[in-house]
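Asker: Got a structure here, written out as structure tokens. Questions coming.
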Amino acid sequence: MTRKEAESIRDLRIPIDNLTEDCFYMFMAEKGRIPEENKKKSLLRIKTYAQEIPFDVLSKAKKMVDNIDKYGVPCAEWCED
């Protein structure tokens, strides 16, 4: 899927920042889709960003995981042009 195609899908229009990205990797590791080591690295970085993770960040990260199942990509921002 190209970035232009992905941007036409509302679910894939997710703004990504470092905290959201690390939460995404944390959720992917919890589902066994990436190595547990990635989860540990993500958690270490998350601790440097915030003591509490805002709900909207967790929600975006979970949506990205769901998008992989539904569309094959987590978000439009990560699609190639």
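The values are calculated or read from the model by the stated rules, or taken from the named source; none is laboratory data. The structure displayed is predicted, hence computed values, not measured ones. Reconstructed Cβ throughout: ideal geometry from the backbone, glycine too, with neighbour counts over all protein chains shown. Areas reflect the complete protein model, heavy atoms only, side chains present, ligands, DNA and RNA absent. Shrake-Rupley method; radii C 1.70, N 1.55, O 1.52, S 1.80 Å.
Asker: Quote the FRET efficiency, to the nearest 0.05, computed for Trp78 versus Gln51 with a Förster distance R0 of 35 Å and r equal to the Cβ-Cβ distance. Before the final figure, lay out each step's value.
Answerer: Numbers: r = 27 Å, r/R0 = 0.78.
Computed FRET efficiency for Trp78 and Gln51 comes out at 0.80.
Asker: In square angstrom, what is the accessible area per residue of the chain with a 1.4 angstrom probe?
Answerer: Details: 5350 Å² over 81 residues.
It amounts to 66 Å² per residue over the chain.
Asker: Right, next: For the chain, what is the charge dipole size about the Cα centre, in debye to the nearest 20, if Lys and Arg each add +1 at the Cβ and Asp and Glu each add -1 at the Cβ? Working shown, then result.
Answerer: Working: 15 positive and 16 negative charges, 38 e Å.
I would put it at about 180 debye.
Asker: So how tilted is helix 55-71 from the main axis of the chain? Cα-based, degrees 0 to 90, rounded to 10.
Answerer: The answer is roughly 50 degrees.
Asker: Next up: Express the carbon and sulfur contribution to the solvent-accessible surface of the chain as a percent, rounded to the nearest whole number, probe 1.4 angstrom.
Answerer: Values: 2600 of 5350 Å².
Taking all protein chains in place, the chain shows 48 percent carbon and sulfur surface.
Asker: Probe radius 1.4 Å, ligands and nucleic acids left out: which of Leu58, Leu12, Leu44, Leu19 has the largest accessible area, and how do the rest follow? Mind showing how you got there, number by number?
Answerer: Numbers: Leu58 45, Leu12 0, Leu44 115, Leu19 20 Å².
Ranked from most to least accessible, the order is Leu44, Leu58, Leu19, Leu12.
Asker: Could you pull out every one of the aspartates and glutamates with an alpha carbon less than 17 Å from that of Lys4, ignoring same-chain neighbours closer than 8 positions?
Answerer: Of all the aspartates and glutamates, those that pass the test against Lys4 - Cα under 17 Å, at least 8 places apart if same chain - are Glu77, Glu80, Asp81.
Asker: Based solely on its DSSP helices, what 222 nm [θ] is calculated for the chain when runs of n ≥ 4 H residues each add -39,500 (n - 2.57) and the sum is averaged over all residues, nearest 500 deg cm²/dmol?
Answerer: Numbers: 4 runs with 49 residues, N = 81.
-19000 deg cm²/dmol, from helical runs alone.
Asker: Taking the radius of gyration and the Kirkwood hydrodynamic radius from Cα positions alone, what is the Rg/Rh ratio for the chain, to two decimal places? Don't jump to the answer; show the numbers that get you there.
Answerer: Numbers: Rg = 12.7 Å, Rh = 12.9 Å.
Ratio value, two decimals: 0.98.
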